[in-house]
Every structure is written in C-alpha cells, then in structure tokens.
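Student: My questions will all concern the structure given below.
The values are calculated or read from the model by the stated rules, or taken from the named source; none is laboratory data. Since we're looking at a predicted model, the values are computed, not measured. Don't worry about glycine lacking a Cβ; one is built from the backbone with ideal geometry, like all the others, and counts go over all protein chains shown. The area values use the complete protein model at the heavy-atom level, side chains included, leaving out ligands, DNA and RNA. Shrake-Rupley method; radii C 1.70, N 1.55, O 1.52, S 1.80 Å.
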Amino acid sequence: MICEGIHFDRKIPHTFVIFGASGDLAKKKIYPTLWWLYRDDLLPKPTKFCGYARSKLTIEKLKENCKQYMKVQAHEVDKYDEFWDLNEYVAGNYDGRTGFELLNQQLELMENKNRANRIFYLALPPSVFDEVTVNIKNICMSTCGWNRVIVEKPFGRDDVSSKALSDHLAGLFSEEQLYRIDHYLGKEMVQNLMTIRFGNKILSSTWNRENIASVLITFKEPFGTQGRGGYFDEFGIIRDVMQNHLLQILSLVAMEKPVSCHPDDIRDEKVKVLKSIAALELKDMVLGQYVGNPQGRTEDERTGYLEDETVDKNSTTPTYALAVLHINNERWQDVPFILRCGKALNDRKAEVRIQYHDVPGDIFEGNSKRNELVIRVQPGEALYFKMMTKTPGITFDIEETELDLTYEHRYRGFYLPDAYERLILDVFCGSQMHFVRSDELCEAWRIFTPILHRIEKERIKPIPYLYGSRGPKEANRKCEENNFKYYGSYKWHGNRSTSS
Ligand SMILES: NC(=O)C1=CN([C@@H]2O[C@H](COP(=O)(O)OP(=O)(O)OC[C@H]3O[C@@H](n4cnc5c(N)ncnc54)[C@H](OP(=O)(O)O)[C@@H]3O)[C@@H](O)[C@H]2O)C=CC1
Ligand SMILES: O=C1O[C@H](COP(=O)(O)O)[C@@H](O)[C@H](O)[C@H]1O
C-alpha cells in the first residue's frame with residue numbers, strides 16, 4: 001500500500017492527457033509513473049490516457065520508446081498490456097485549432113461522451129506553453145467534470161517572464177486548476193521535513209538562531225550536461241536547480257509552523273519566509289563551470305562544458321553555484337543558509353545539514369565538535385544526528401558518533417514511491433500541498449532575478465573546476481566564512497546506502 005486515505009471521485013471516469021508525449025520527460029517519467037500507479041491500483045477506475053505531440057506515432061512505437069524505463073516484472077506482463085490498451089495517441093500541431101479539435105474528439109470517444117474529469121500534463125518546452133494552454137482552454141476542457149493542468153518548470157526565466165506566464169495562465173485557469181510541479185516536493189525526505197520539524201519537541205525547540213549556526217543544502221550530480229547542453233546553457237544551474245528545488249527545501253526548513261496541514265496554510269508560511277529573504281548579491285555567491293578531466297575514465301568525464309557541441313564556446317553559464325541567503329526574521333537572523341548545487345561533481349547526493357553552535361564553555365579541551373543533523377534526500381534516504389560520546393572502554397576520551405535512522409534498515413521492504421508517483425496521484429486527489437503557488441514563484445524570482453541579470457549582463461566568469469571534483473575550492477572558503485565548520489575527522493562505520 002503506497003498511500004492511505006486517497007480521496008478522488010471513484011465513480012467518474014478520468015482522462016489523463018500528456019502533451020509532448022513523444023518527448024524525453026514523457027518517456028522517462030510520465031508514462032512510467034502512470035504505469036506504476038495503474039499497476040498498484042492507485043488510480044480511479046476507469047482512467048484512460050491520451051498522448052499528444054507533433055510526431056506521428058503509434059501506441060506500439062510509444063510503448064517501445066518507454067520500454068527501458070517502465071520496470072515491468074515477468075508476472076506483470078498481462079497488466080502491462082492492459083495499461084497500454086487504455087492508451088490512445090493523437091498527432092497534431094501545438095498552434096492552430098485543428099489538432100486540438102481532433103484531440104477533443106478522441107477524448108470524447110474515450111469517455112463515451114460521459115461526464116469525465118480531465119488532467120492535462122504539459123511535458124513541453126516553454127516556447128509552446130502559451131498556445132497549448134489557450135487551445136486546451138478553448139477546445140479540450142471537460143464540460144461537466146473538473147479540469148486540472150500540470151505545468152513543468154521552467155516557470156519563466158526571470159521575474160518578468162514568470163509573471164507574464166502566471167498572468168497568462170491566470171487568465172485561462174483558476175489557481176485551484178493549476179499544479180506547478182517541482183518534483184523535489186515529491187521526494188520522501190523533503191515531504192518528511194514538516195514532520196521532523198513539527199512532530200518532535202526536541203527539534204522544534206532548538207530550531208532557531210540560539211542553537212543553529214548554519215544550514216547547508218546541497219545538490220550534486222556526477223555527470224555533466226549529457227547532450228542537454230543546449231537547454232542547460234540557456235538556463236544554467238541557478239535556474240535549473242537552485243531557484244526551485246533548493247529554495248523549496250529552504251522554505252520547508254525555515255518556515256514558521258503553519259496553522260494546519262492545509263495546503264494553503266503551508267504555502268502561506270513558505271511565502272512569508274521567502275519574503276524575509278533579501279535579493280541575492282554577488283558577494284554571497286561562488287560560481288563555477290566544469291572543465292574536462294584529462295584523467296577521466298569516460299569520454300564524458302574528459303569533456304568540459306565548453307566542449308559540449310551544443311554549448312556556446314564562450315559561454316559563461318555556471319554549472320556550479322553556491323549562494324548564501326539571509327533570512328531577516330526573529331528565528332533566523334544571522335544564520336547563513338548556504339545553497340550549493342553543481343553538475344559533473346564527485347558524487348550524487350541531495351542533503352540538508354543543520355549545524356548547531358559550538359558547546360559554550362567546553363570542558364573537553366576543545367575536542368567537542370558541533371552537533372549536526374543530516375537529512376539525506378538521496379541516494380539512500382537517511383536522517384542522522386552527529387553527536388559527541390565518551391569513547392567506549394576504560395578511556396575518558398570523547399569522540400564523534402551518530403544517531404542513525406537509515407530508511408533501508410529501519411523500514412526494510414518498504415516501498416518508497418518515486419516523486420512523480422506521489423505528485424501525479426496528488427493531482428488526481430486534488431491536493432496542492434506539494435505544488436508551487438504563484439506567489440511562491442514570484443518571491444523566488446524576486447530573490448534571484450537581480451543576480452541572474454547581473455551575471456548575464458556583466459558576463460561574470462565562473463571559476464573552472466575539474467569534472468569529478470568537489471567544485472571550486474572557493475566554495476569551501478565561503479562555507480567557512482559563513483559559519484559552517486568541516487572537521488574532516490568524522491568516521492562512519494556502516495555501509496552508505498545507495499538505493500533510490
Ligand atoms: N545512515 C547513513 O547512511 C549514514 C551514512 N553516513 C555516511 O558517512 C559518511 C560521512 O558522513 P558525513 O556526514 O558526510 O560526514 P563528514 O563530516 O565527513 O562530511 C561532511 C561533508 O563535508 C563535505 N566536505 C568534504 N571535504 C570538505 C571540506 N574540505 N570543506 C567543507 N566540506 C567538506 C563533504 O561533502 P561535499 O563534498 O558535498 O562538500 C562531506 O560529505 C558519508 O558518506 C555519509 O553518507 C554517516 C552517517 C549515517
Ligand atoms: O529538475 C532537475 O532535476 C534533475 C535532478 O533530479 P533528481 O530527481 O534526479 O535528483 C536534474 O538532473 C536536472 O538538471 C534538473 O532540471
């Protein structure tokens with residue numbers, strides 16, 4: 001059982017429409033997610049699926065495109081075929097009405113002209129958002145069921161373009177119909193942040209500037225642009241990861257306790273904390289761009305960002321960024337929130353480190369190290385609290401150890417759904433708790449737009465770092481300057497879990 005208490009209209013047919021069905025996101029994430037939800041009997045019955053894109057595809061071809069991502073077990077083959085029997089595909093353009101009229105006819109056919117709820121997933125480049133949404137609104141809306149529209153990032157590239165997109169969407173749909181996906185909000189440990197914070201007295205009472213010295217939120221990937229350089233070069237790591245995924249994590253770590261778990265109460269608090277953050281300045285950042293590692297084992301590792309054929313040879317787009325944010329409120333004043341993210345680094349991980357202050361009046365000859373609460377989002381979900389204990393045995397020395405909650409051990413055999421599974425199911429249920437509201441977006445862009453414009457206008461040169469390294473050395477220095485201490489003395493004796 002993935003999820004208890006799922007509420008949706010069980011008796012009404014649902015139709016799920018995937019725009020951009022021939023694309024990368026659709027084959028790698030959306031179709032696999034729909035299959036897993038179907039396989040686990042989590043969708044309302046009947047739910048049917050209809051792909052739409054310009055390419056002339058058959059269901060057989062679509063099935064083949066998705067094959068390697070679907071993870072079908074031998075005993076599931078019949079059900080898998082059943083899933084594809086519920087699929088249709090319509091080829092058509094994104095502009096003009098014709099394709100959308102065909103699509104609507106197909107949807108009516110699939111629904112037998114009955115009342116049905118419709119979900120529209122925009123797995124599309126932003127260049128066609130406007131015309132597709134207008135056509136959905138004018139031609140494809142269910143007339144007697146509800147309609148929900150799932151929008152993928154990028155939600156604009158700065159405050160002005162994001163506002164234009166928000167205004168455009170607001171002219172067509174109500175906020176209740178819009179589901180802006182940030183898939184990090186669907187990850188187990190990100191969803192866990194509220195429980196960790198507000199369900200534990202021991203943490204809630206220390207979660208403030210009196211006890212916490214700094215907070216470090218990290219995203220690392222061990223690969224470069226992998227042929228997506230064209231897209232990436234236009235956006236860069238700040239827009240790709242920091243302004244959305246890392247800032248969302250920061251909001252959940254730093255927000256005040258909401259009055260309830262109602263989605264709007266939570267999002268109200270997230271907006272409030274974002275409003276307390278001043279726009280970023282260059283002095284609070286470190287920017288990097290990876291160069292090929294001549295010792296790299298693969299071609300990819302030996303290839304620098306600027307050697308990617310799809311990237312402008314003089315590009316100054318950062319592939320690594322560190323930013324120190326300051327929250328000007330009673331709880332967090334003077335506590336640096338350090339966000340770091342990068343591609344082509346030495347590791348794959350996403351984590352939050354809450355570092356506590358030094359123990360005042362240390363009686364252990366300066367040997368006490370800071371407590372640190374680590375929330376590992378991936379890989380291998382874990383929560384561990386680094387603390388000091390007496391070295392076991394006859395000695396009176398002290399040493400660093402940990403209280404360890406590794407999910408793989410504590411919740412053996414539990415199924416942790418993929419982020420997209422949770423989020424798409426939420427859309428069926430009508431829960432917007434884990435989706436981005438337009439005012440959150442507006443605040444996020446307020447914080448990042450001036451610095452993004454400055455970096456681009458002045459063509460600020462990023463610091464080169466080697467593919468497979470930890471990023472620019474300057475980033476360590478920035479962490480130290482901002483009250484994050486790295487000792488290098490901590491030893492963990494277990495196996496690091498690598499699942500997820
Ligand atoms: N439940 C579990 O699975 C547990 C696993 N462990 C594992 O034990 C290992 C060590 O634990 P960890 O908490 O990482 O402890 P450490 O204190 O050793 O490391 C903290 C992090 O500091 C960063 N770092 C390395 N060098 C520097 C530097 N010069 N300046 C600043 N930062 C630096 C590294 O991350 P980065 O390179 O990203 O900067 C490192 O991951 C990890 O692999 C961890 O996953 C530990 C406890 C429980
Ligand atoms: O949104 C994005 O996220 C992925 C990383 O997602 P994850 O779930 O695998 O951690 C990143 O690779 C991509 O560049 C970015 O657009």
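Student: Taking only the alpha carbons of segment 339-431, what extent do you get along each of the three principal axes, in Å, biggest first?
Tutor: 58, 31, 29
Student: Give me the angle, in degrees from 0 to 90, between the Cα long axis of helix 98-110 and the longest principal axis of the Cα atoms of the chain, rounded to the nearest 10.
Tutor: 90
Student: Further question on the same structure: Output the relative contact order of segment 14-152, whole-number percent, from Cα pairs under 8 angstrom with separation of 6+ residues. The partial results should precede the final answer.
Tutor: Numbers: 207 pairs, mean separation 43.7, N = 139.
Once divided by the residue count of segment 14-152, the mean separation gives 31 percent.
Student: Grab the other residues whose beta carbon is less than 10 angstrom from that of K220, score K and R as +1, D and E as -1, and report the net.
Tutor: Values: positive: R340, K343, R348, K349, R470; negative: E221, D347, E351.
Charge balance in the 10 Å sphere: +2.
Student: Here's something else I'd like to know. At 1.4 Å probe size, put W332, W146 in order of accessible surface, largest to smallest. Display every interim value, and only then the final one.
Tutor: On the way: W332 0, W146 55 Å².
Of W332, W146, the descending order of accessible area is W146, W332.
Student: OK, next. Within segment 76-141, list the trypsin sites (Lys or Arg not before Pro) lying in a DSSP loop whose Cβ has at most 15 other Cβ atoms in a 10 Å radius.
Tutor: Details: sites: K79, R97, K113, R115, R118, K137; in loops: R97, K113, R115.
Qualifying residues, ordered by number: R97, K113, R115.
Student: I'm checking a number: the convex hull volume of the Cα atoms of segment 240-388, normalised per residue, in Å³. What is it? Present the calculation step by step, with values, prior to reporting the outcome.
Tutor: Numbers: hull volume 29.5 nm³, N = 149.
Given the Cα convex hull of segment 240-388, per-residue volume reads 198 Å³.
Student: For a test of the definition: using alpha carbon positions, the gyration tensor, and the 1.5 limit on a/c, classify segment 364-482 as rounded, prolate or oblate. Walk me through the intermediate numbers first.
Tutor: On the way: a/c = 2.48, a/b = 1.23, b/c = 2.01.
Oblate.
Student: Give the value in nm², to one decimal: projected area of the alpha carbon convex hull of segment 254-312, averaged over all directions.
Tutor: On the way: hull surface 32.6 nm².
Quarter of the Cα hull surface area: 8.2 nm².
Student: Here is a further query. What's the whole-number percent of alpha carbon pairs in the chain lying beyond 41 angstrom? Please list the in-between numbers first.
Tutor: On the way: 28855 of 124750 pairs.
The answer is 23 percent, as a whole percent.
Student: Could I ask something else about it? Please list, or write none, the aspartates and glutamates whose alpha carbon is within less than 18 Å of the alpha carbon of K390, excluding same-chain residues fewer than 8 places away.
Tutor: Within the straight-line limit of under 18 Å, K390 reaches these aspartates and glutamates: D358, D362, E365, E372, E399, E400, E402, D404.
Student: With both bridge residues required to lie in the chain, what share of the DSSP beta bridges run antiparallel, to the nearest 5%? List each step's numbers first, then the result.
Tutor: Working: 41 of 77 bridges.
Counting only bridges with both partners in the chain, antiparallel ones make up about 55 percent.
Student: Tell me, what is a quarter of the convex hull surface for the C-alpha atoms of segment 120-273, in nm² with one decimal?
Tutor: Numbers: hull surface 47.4 nm².
Value for segment 120-273: 11.9 nm².
Student: Can you give the direction-averaged projected area of the convex hull of the alpha-carbon atoms in segment 1-103, in nm²? Display every interim value, and only then the final one.
Tutor: Working: hull surface 29.4 nm².
In nm², the orientation-averaged hull projection of segment 1-103 is 7.3.
Student: Can you tell me how segment 179-224 classifies by the Cα gyration tensor, rounded, prolate or oblate, using a/c under 1.5 as the rounded cut? Before the final figure, lay out each step's value.
Tutor: Working: a/c = 2.90, a/b = 1.51, b/c = 1.92.
It comes out oblate by the Cα gyration axes.
Student: Positive end of the dipole of the chain, charges at C-beta (+1 Lys, Arg; -1 Asp, Glu), about the Cα centre: which of V427, N329, Y465 has its Cα farthest in that direction?
Tutor: Y465
Student: What pairs from K272/K485; K29/K113; K163/K283; K283/K485; K343/K473; K29/K461 go past 23 Å between their alpha carbons?
Tutor: Over 23 Å apart, Cα to Cα: K272/K485; K29/K113; K163/K283; K29/K461.
Student: Beta carbons within 10 angstrom, averaged per residue: use that to sort the peptides 40-49, 249-258, highest first.
Tutor: Details: 40-49: 17.1, 249-258: 21.1.
Descending packing order for the listed peptides: 249-258, 40-49.
Student: Counting only protein heavy atoms, what percent of the accessible surface of segment 14-152 is carbon or sulfur at a 1.4 Å probe? Walk me through the intermediate numbers first.
Tutor: Numbers: 2890 of 6230 Å².
Carbon plus sulfur share of accessible area: 46 percent.
Student: Pairs of alpha-carbon atoms within less than 8 angstrom and 6+ residues apart define the contacts here; what relative contact order does the chain have, in percent? Don't jump to the answer; show the numbers that get you there.
Tutor: Numbers: 907 pairs, mean separation 85.8, N = 500.
In percent, rounded to a whole number, it is 17.
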